[in-house]
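Take a look at the structure below.
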Protein chains: 2
Amino acid sequence: MSEVSGTPHAVRQSRPAQEVAEILAAAKSLAGPAMHEAVESLHPMLAEISSYHLGWQDADGRPVPNGGGKGVCLAMAVLSAEAASAAGEVGVPGGVAAELVHVFTHMHDDIMDGDDRRRHRLSVWRVYGAGRAILTGDALLVLALEVLSRISDGGGRTATLDLLSMCRRMAFGQAQDLNFETRPASGPNAVGVEEYLAMSADKTGALYGYALHVGAVLAGVEPAAADLLAQAGEHLGVVAQAVDDVNGIWGDPAVTGKPALSDLRTRKKTLPVVAVLSGRTPAALRIAELLGRPADADIDLEFAAGLLEEEGGRRFAESTAREHHRMALDCLRAFPMPSPVREDLENLADFVLHRTA
Amino acid sequence: MSEVSGTPHAVRQSRPAQEVAEILAAAKSLAGPAMHEAVESLHPMLAEISSYHLGWQDADGRPVPNGGGKGVCLAMAVLSAEAASAAGEVGVPGGVAAELVHVFTHMHDDIMDGDDRRRHRLSVWRVYGAGRAILTGDALLVLALEVLSRISDGGGRTATLDLLSMCRRMAFGQAQDLNFETRPASGPNAVGVEEYLAMSADKTGALYGYALHVGAVLAGVEPAAADLLAQAGEHLGVVAQAVDDVNGIWGDPAVTGKPALSDLRTRKKTLPVVAVLSGRTPAALRIAELLGRPADADIDLEFAAGLLEEEGGRRFAESTAREHHRMALDCLRAFPMPSPVREDLENLADFVLHRTA
């Protein structure tokens, strides 16, 4: 069809590959109207709270120019449809559903984890109270399912069932994560690395896996074939969690939008911590003792972070992220798709690996 | 078919009508295995918390003999299927889904409303913490949808879409209810009776409406015909809310399982309060002044309850309950059904009107 390229897939290569900023912007502009329409169908109070969380407006209801989250789920779903040689629009309802679930879980998790801040701003429950944050999250989960329920073909039904499986896994992962908090820092009942990675695959991997395969499902790809995309997404979710864990200790507050050393302040058992504690070195025992103290005790967080770094906690988390990034690319490579789409997905995967906030 | 009866509907009348205790017990025994199977499929921590809320076990995990809630939603769904001349089993997945949503909303609402007790026991968030109560509620909503998603015919799809509509209405109603809290007790912005009843139809009516029509939907009744049952259920939901409102002020703590005068303690704008405040009598102004004081201020609750009763608040709520009970029976009368099923539904409606806890 195209006169420029001689390959048989020329029609699929009718657009060039894009930089990450372009990928995210394109997906947001494609899915924006559907996102706004969905959120604005809620009770005005719930729509306002959702708009705050999404960064569309501030706590006083004033619009924020160019505000909003990164929209990684939207971009994944759009590229997922394009990977199946369909138009990006086909993936939009799946991307909107994934994004709404993403927001819902953030709103609820911030309460559970006692997180005061998200993306440089107070978290929803700190602005509107826990009650309203709970209710808005509930309404967003229902909304995600409503968006998919409007698609009456088989792809819509599969996308709905997959969303429910994803939510089940996310709840399972979050339950594990909450349980980790009350487990001892050392000894036979301490949290192990394998267990942590399984939790992370459920809690974050399931969401990215959903977003990265739902577009293909809506484009009519058989579930078995689309599963390669789901696996790629799942690995990227583990990458995202490991990167978050590193940023939660060593990230620059000006970039992360959270206080310095924030995960150590709240004594979270994140990957760098779990990796070092399972080593049972003298330094590990020292860290176990430090992090075993209550969250309001005044411990030397800088010292703990330094010890964790010396003992290889940071290195381990970073290499875990690289390893799952590589596995994600392997899965993508096994799925036949137009080459500009593949380049975009690889750019997005690199972005997930290298992001600092 | 039956030799006993000569009517053309003899086959449908093959069982006698039942007392309420029998109706509830029969539905529980029919739906029990499906309820247990669903709950036990959750993460063990979430299953444990759900079992506590459902009254199956105490906070230490010990089984409670004959424990458990009343299961009104289960009974409605089973009778709804029988009203469509199907076996009660047909309504079970719909009843289980409604019951799971009922539990999910109670768990979350208790946090939002700061309610410490439910059915003579500490509420879930007071036993397990708000975080775990939030997560368990989320998982139960997903579970309700999963239960319905296993039905692959058209009835299953309608039941799923209806469940989503119901959840949307419940969230809308709860948002209104939360907003009522911050509205003034008197003046043009005070909550009106009509507004209160609309909230109650969304918050409680939608659930009962769902339970009372989903069995018929699963039995293949056309949505338009099943709507009469939904309307009957919706009226019964308004009855249940009005009765709750009366019990929340004048109920006997030994029966309700909540502290005496509990809704006045928390300054809730329930129907008896709204009805009196909209009267603008001198007594109404006195009540507005009393209930306008913060929840931790020491006001004479007995005095306020007495004033509300003298001014007709209790009478108004009770007559509202009777009026909606009558409308529910009218809707049931317009839906052709086997007469023992009609008798059972009327018994259940009477139970909702007269219950004291």
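Just so it is clear, none of the values below were taken in a lab; they were calculated from the coordinates. Treat the numbers as computed from the prediction; the structure is a model and nothing was measured. Backbone-built Cβ (ideal geometry, glycine too); neighbour counts: all protein chains shown.
What are the label-to-label distances in nm, one decimal and shortest first, from A:Ser165 to the same spot in the other copies, with labels 7 Å along Cα to Cβ?
Spelled out, the distances from A:Ser165's label point are 2.9 nm.
Say a label goes 7 Å from Cα toward Cβ at B:Arg280 in every copy; what distances in nm does this one have to the rest, shortest first?
7.9
Kindly express, to the nearest 10 degrees and within the range 0 to 90, the angle between helix B:44-53's C-alpha long axis and the longest C-alpha principal axis of chain B.
Helix B:44-53 sits at roughly 70 degrees to that axis.
Using only Cα atoms, tell me the angle between helix A:313-334 and the longest principal axis of chain A; keep it within 0 to 90° and round to the nearest 10.
20 degrees
At 0.36 nm per residue, and after removing the present C-alpha to C-alpha distance, how many nm does the segment from A:Asn66 to A:Ala295 gain when stretched out fully?
78.8 nm
How far is helix A:72-83 tilted, in degrees, relative to the longest principal axis of the Cα atoms in chain A, given as a value from 0 to 90 rounded to the nearest 10?
Around 40 degrees separate the two axes.
Okay, helix-only estimate at 222 nm for chain A: each DSSP H run of n ≥ 4 adds -39500 (n - 2.57), divide by all residues, round to 500 deg cm²/dmol; what do you get?
That calculation yields -21500 deg cm²/dmol at 222 nm.
Using Cα-Cα distances under 8 Å and only pairs 6 or more residues apart, what relative contact order does chain B have, in percent?
20 percent
Quick one: work out Rg over Rh on the C-alpha atoms of the range A:46-196, Rh as Kirkwood radius.
Numbers: Rg = 17.5 Å, Rh = 17.1 Å.
On the Cα set of the range A:46-196, Rg over Rh gives 1.02.
What is the spin-label model distance, in nm, from A:Phe303 to A:Glu22 if the labels are put 7 Å beyond Cα along the C-beta direction?
Once both label points are built, they end up 5.2 nm from each other.
Which one of A:Ile151, A:Thr182, A:Leu212 is farthest out on the positive end of the charge dipole of the range A:147-244, using unit charges on Cβ (Lys, Arg +1; Asp, Glu -1) and the Cα centre as origin?
About the Cα centre, the residue reaching furthest to the positive side is A:Ile151.
Note down the nm distance, to one decimal, between modelled labels 7 Å out along Cα→Cβ at B:Leu285 and at B:Thr266.
Calculated label separation equals 3.1 nm.
Give the total of Lys-Lys pairs in the range A:12-354 with Cα-Cα distances below 23 Å; include a pair only if its members are 8 or more places apart or on different chains. Could you put the intermediate results ahead of the total?
On the way: A:Lys28/A:Lys70; A:Lys70/A:Lys203; A:Lys70/A:Lys258; A:Lys203/A:Lys258; A:Lys203/A:Lys268; A:Lys203/A:Lys269; A:Lys258/A:Lys268; A:Lys258/A:Lys269.
For the range A:12-354, qualifying lysine pairs total 8.
Using the count of nearby Cβ atoms within 10 Å as a rough guide to exposure, how do A:Tyr128, B:Tyr208 rank from fewest to most?
The fewest-first ordering by Cβ neighbours comes to A:Tyr128, B:Tyr208.
Once R0 is set to 41 Å, what does the formula 1/(1 + (r/R0)^6) return for the Cβ-Cβ distance between B:Asp350 and A:Glu195, expressed as a FRET efficiency to the nearest 0.05?
For B:Asp350 and A:Glu195, the calculated efficiency is 0.15.
Semi-axes, largest first, in whole Å: what does sqrt of 5 times each Cα gyration tensor eigenvalue give for the protein assembly as shown?
46, 32, 25
Picking from A:Pro63, B:Ala25, B:Pro340, whose Cα lies most toward the positive end of the charge dipole for the protein assembly as shown (charges on Cβ: Lys, Arg +1; Asp, Glu -1)?
A:Pro63
Quick one: give the max-minus-min coordinate of the C-alpha atoms of the range B:221-357 along each principal axis, largest first, in Å.
For the range B:221-357, the Cα spread along each principal axis is 54, 33, 23 Å.
Rounded to the nearest 20 Debye, what is the dipole magnitude of chain A about its Cα centre when Lys and Arg each give +1 and Asp and Glu each give -1 at the C-beta? Could you put the intermediate results ahead of the total?
Details: 32 positive and 47 negative charges, 41 e Å.
Charge dipole, chain A, about its Cα centre: 200 debye, nearest 20.
How big is D, in µm² s⁻¹, for the range A:12-354 by Stokes-Einstein at 25 °C and 0.890 mPa s if Rh is the Kirkwood radius over C-alpha pairs?
119 µm²/s
Counting only other residues whose beta carbon sits under 13 Å from that of A:Glu302, what net charge do I get with K and R as +1, D and E as -1?
Taking every other residue near A:Glu302 into account, the sum is -3.
Between B:Asn179 and B:Arg333, what length in nm is gained on full extension when 0.36 nm per residue of separation is reduced by their alpha carbon distance?
51.8 nm
I'd like the FRET efficiency for A:Ala225 and A:Ser29, computed as 1/(1 + (r/R0)^6) with the beta carbon distance as r and R0 of 51 Å, rounded to 0.05.
Efficiency, from the Cβ-Cβ distance: 0.95.
Once phi is turned into θ = phi - 60°, what whole-Hz ³J(HN,Hα) does the Karplus curve with 6.51, -1.76 and 1.60 give for every residue of the range B:151-162, x standing for Gly and Pro?
Karplus-based 3J(HN,Hα) across the range B:151-162 equals 8, 8, 7, x, x, x, 5, 4, 4, 5, 4, 5 Hz.
Listing A:Ser165, A:Ser200 from the residue with the fewest other Cβ atoms within 10 Å to the one with the most, what is the order?
A:Ser165, A:Ser200
Under a no-solvent Debye model with one identical scatterer per Cα of the range A:300-357, what's log10 I(q)/I(0) at q = 0.25 Å⁻¹?
Log10 of I(q)/I(0), two decimals: -0.99.
Tell me which of A:Pro272, A:Ile299, A:Leu122 sits at the most positive position along the dipole axis of chain A, charges placed on C-beta atoms (Lys, Arg +1; Asp, Glu -1).
Going by the charge dipole, the pick is A:Ile299.
In nm to one decimal, list the spacings between the B:His120 label point and its equivalents in the other copies, with label points set 7 Å along Cα to Cβ, shortest first.
5.6
Non-local amide H neighbours of A:Gln57 (under 5 Å, H modeled in plane, Pro and chain starts lacking H): which ones?
Distant-sequence amide H within range of A:Gln57: A:Tyr52, A:Val64.
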